[in-house]
Amino acid sequence: MARVAVVQMVSSASVKENLSKLDAFFVKAREEGAELMVLPENFAFMGMNETDKLNVAEDMGHGEIQKTVSQLAHRYGIWVIAGTIPIKATAKRIKASNIVYDDKGVMAARYDKIHLFDVRVSDQEAHQESLTIERGDQVVVVDTPAGRVGLSVCYDLRFPELYRELVLKGAELFSVPSAFTAVTGLAHWEILLRARAIENLCYVLAPNQGGKHASGRHTYGHSMIVEPWGKVMVEQQGAGVIVADIDLKRLQQLRQQFPCHEHHILNTKKVSL
């Protein structure tokens, strides 16, 4: 078995302040024996406005956010799936990049968020990520000490075809770093996470933002780790770290006993187990 950690935050509009909180999360994860830790979406910056992220965007491979996470991964010997980091794409747009660092602090994978949150949540709240974010177009999996992880971010959760593609690439776990709104989180967060786990027979690691941010935005929290049969193994209230053990032998046994991956009719692609 391998142990994983999921972090819940209430990130502010100060990169320095948010990064200063990471060390304590790494310490806790290391104390709990975690080999892999996942940070939430926008862990380093939750601005007042959508365009504020352009002011803190970094060049790929350079910048304080990337440097800090890399150094902490190396210092504590933990793999890290670093939520989203704003990486420069053009003068007016960034990539919402989910970067994975190994236990030496070396980048092991990068996934750029594909599905952008252009949604009116309520009469008082609307978002249009496409104004400032350039969508990604690559489906990415990465081998980690906890297993083969399929990478996704927040709004991706509503698009099951992405997770099917991740399974076809060998995913055993999904990571879903998020900043789900309080409204959509209450309605759909847990049920969607459990559905993605059940229909793909995968573990789901889902760190979320959870609280009131400087902009007045409320995020839902309830970070959780879900096992392949859909049970919520552990759930977080408030900022902090939760951990759970990943049992890949049980996962493979479950897939053999309940071989739904082999039973797809409308999508003729099959998964070889």
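Has segment 1-14 got at least one residue that is part of a strand (DSSP E or B), polar (S, T, N, Q) and under 20 Å from the mean Cα position of the chain (by Cα)?
Yes, because at least one residue in segment 1-14 is part of a strand (DSSP E or B), polar (S, T, N, Q) and under 20 Å from the mean Cα position of the chain (by Cα).
If you take the residues in segment 213-233 that are touching a residue at least 60 places away in the same chain (Cβ under 8 Å) and not small (Gly, Ala, Ser), which one is farthest from Arg3 (Cα to Cα)?
The qualifying residue farthest from Arg3 (Cα to Cα) is Arg217.
If Ala13 passes every condition in (1) open to solvent by less than 20 Å² (accessible area, probe 1.4 Å); (2) among the aliphatic types (A, V, I, L, M); (3) in contact with an Asp or Glu (Cβ under 8 Å, 6 or more places away or on another chain) but one, which one does it miss? Among (1) open to solvent by less than 20 Å² (accessible area, probe 1.4 Å); (2) among the aliphatic types (A, V, I, L, M); (3) in contact with an Asp or Glu (Cβ under 8 Å, 6 or more places away or on another chain), Ala13 violates only (1).
Of everything in segment 244-260 that's assigned to a helix (DSSP H, G or I) and touching a residue at least 40 places away in the same chain (Cβ under 8 Å), which residue is farthest from Cys202 (Cα to Cα)? So the residue we want is Cys260.
Considering segment 148-161 alone, what residues qualify as being open to solvent by 10 Å² or more (accessible area, probe 1.4 Å) and in contact (Cβ under 8 Å) with a residue 24 or more places away in the chain?
Arg148, Cys154, Tyr155, Arg158, Phe159, Pro160
The set of residues in segment 120-135 that are farther than 23 Å from His62 by Cα and either within 20 Å of the chain's Cα centre (by Cα) or among the polar types (S, T, N, Q) (or both) comprises Ser122, Gln124, His127, Gln128, Glu129, Ser130. Of all residues in segment 59-86, those satisfying the criterion of being among the hydrophobic types (A, V, I, L, M, F, W, C) and over 12 Å from Leu22 (Cβ atoms) are Met60, Trp79, Ile81, Ile85.
From Tyr220, Tyr203, grab the single residue that is of a type outside the set (Lys, Arg), within 18 Å of the chain's Cα centre (by Cα) and open to solvent by 20 Å² or more (accessible area, probe 1.4 Å).
Tyr220
Yes or no, residue by residue, for (1) of a type in the set (Lys, Arg); (2) assigned to a loop (DSSP other than H, G, I, E, B); (3) more than 16 Å from Val241 (Cα to Cα):
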position: Lys16; (1), (2), (3): yes, no, yes
position: Val27; (1), (2), (3): no, no, no
position: Lys53; (1), (2), (3): yes, no, yes
position: His62; (1), (2), (3): no, yes, yes
position: Ile65; (1), (2), (3): no, no, yes
position: Ile81; (1), (2), (3): no, no, no
position: Lys92; (1), (2), (3): yes, yes, yes
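Being open to solvent by less than 10 Å² (accessible area, probe 1.4 Å), modelled with pLDDT of 95 or more and not in a loop (DSSP other than H, G, I, E, B), is that true of even one residue in segment 110-128? Scanning segment 110-128 turns up at least one residue that is open to solvent by less than 10 Å² (accessible area, probe 1.4 Å), modelled with pLDDT of 95 or more and not in a loop (DSSP other than H, G, I, E, B). For His74, the criteria (1) surrounded by fewer than 19 Cβ atoms within 10 Å (Cβ to Cβ); (2) in a strand (DSSP E or B) hold in every case but one, which is (2).
The condition (being open to solvent by 70 Å² or more (accessible area, probe 1.4 Å) and either under 16 Å from Val4 (Cβ atoms) or not in a strand (DSSP E or B) (or both)) is satisfied by just one residue among Met48, Met37: Met48.
Look at Arg135 and say whether it is farther than 19 Å from Gln209 by Cβ, among the basic types (Lys, Arg), open to solvent by 60 Å² or more (accessible area, probe 1.4 Å) and modelled with pLDDT of 95 or more.
yes
Just the residues that are in a strand (DSSP E or B) and touching a residue at least 60 places away in the same chain (Cβ under 8 Å), please, taken from segment 94-107. Passing the criteria: only Asn98. Among the residues of segment 169-186, those identified as surrounded by fewer than 18 Cβ atoms within 10 Å (Cβ to Cβ) and modelled with pLDDT of 95 or more are Lys169, Gly170, Leu186.
The values are calculated or read from the model by the stated rules, or taken from the named source; none is laboratory data. Predicted model only: the values in this text are computed from it and were never measured. Neighbour counts run over all protein chains shown; Cβ positions are idealised from the backbone, glycine included. Areas reflect the complete protein model, heavy atoms only, side chains present, ligands, DNA and RNA absent. Shrake-Rupley method; radii C 1.70, N 1.55, O 1.52, S 1.80 Å.
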